[in-house]
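The block underneath contains the structure these notes are about, expressed in structure tokens.
The values are calculated or read from the model by the stated rules, or taken from the named source; none is laboratory data. In this text, all values refer to a predicted model and were calculated from it rather than measured experimentally. Heads up, the Cβs are rebuilt from the backbone with ideal geometry, glycines too, and the neighbour counts pull from every protein chain shown.
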Amino acid sequence: MGPIAGFKALQVIEHVRQILAIELLVGTQALDLRHDVTVPERLAKIHYRIRQKVSFLAQDRELSSDVAVVREMIDNNALFA
């Protein structure tokens, strides 16, 4: 039972990373749409780093590549360093 539980735990971690990437992408888009919001400096840095790699969503498009880019940034600790 131990190896199965360990495998499940790894799956949960992977899913959380994917969800975090999506949430960060959505939050970044929301900040761009709300010009009247003041954000903390650390959040502004994260927003800037994401926008360096992922462009603003002006029109509907496939987002899987954008999510993958943010996911890679999370995996490489490029957002929170």
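Collect the residues in the stretch 31-45 that are hydrophobic (A, V, I, L, M, F, W, C), assigned to a helix (DSSP H, G or I) and surrounded by 11 or more Cβ atoms within 10 Å (Cβ to Cβ), keeping them in residue-number order. Spell out the reasoning first.
Taking the stretch 31-45 first, the residues hydrophobic (A, V, I, L, M, F, W, C) are 31, 33, 37, 39, 43-44.
When the remaining residues are screened for being assigned to a helix (DSSP H, G or I), the result is 31, 33, 43-44.
Result: L31, L43, A44.
Mind listing whichever residues of the stretch 13-64 are β-branched (V, I, T) and without any contact (Cβ under 8 Å) to a residue 40 or more places away in the chain?
Of everything in the stretch 13-64, those that are β-branched (V, I, T) and without any contact (Cβ under 8 Å) to a residue 40 or more places away in the chain turn out to be I13, V16, I19, V26, T28, V37, T38, V39, I46, I50, V54.
Among the residues of the stretch 46-81 satisfying the criterion of being charged (D, E, K, R) and either assigned to a loop (DSSP other than H, G, I, E, B) or more than 14 Å from Q29 (Cα to Cα) (or both), which is nearest to the chain's Cα centre (by Cα)?
Quick first cut of the stretch 46-81, residues charged (D, E, K, R) only: 49, 51, 53, 60-62, 66, 71-72, 75.
From what's left, either assigned to a loop (DSSP other than H, G, I, E, B) or more than 14 Å from Q29 (Cα to Cα) (or both): 60-62, 71-72, 75.
Numbers: D60: 18, R61: 17, E62: 16, R71: 6, E72: 9, D75: 10 Å.
In this case the residue turns out to be R71.
On the basis of being modelled with pLDDT of 95 or more and aliphatic (A, V, I, L, M), does V26 make the cut? Let's see the steps before the verdict.
Working: modelled with pLDDT of 95 or more: yes; aliphatic (A, V, I, L, M): yes.
Answer is yes for this residue.
Identify, from the list L10, L79, L33, the residue that is touching a helix residue (DSSP H, G or I) at 6+ places or on another chain (Cβ under 8 Å) and on the phi < 0 side of the Ramachandran plot. Steps first, please.
On the way: L10 fails: touching a helix residue (DSSP H, G or I) at 6+ places or on another chain (Cβ under 8 Å); L33 fails: touching a helix residue (DSSP H, G or I) at 6+ places or on another chain (Cβ under 8 Å).
Being touching a helix residue (DSSP H, G or I) at 6+ places or on another chain (Cβ under 8 Å) and on the phi < 0 side of the Ramachandran plot holds for just one of L10, L79, L33, which is L79.
Just one of L31, L57 is touching a His at 6+ places or on another chain (Cβ under 6 Å) and hydrophobic (A, V, I, L, M, F, W, C); which is it? First the steps, then the outcome.
Numbers: L57 fails: touching a His at 6+ places or on another chain (Cβ under 6 Å).
None of the others qualify; the one that does is L31.
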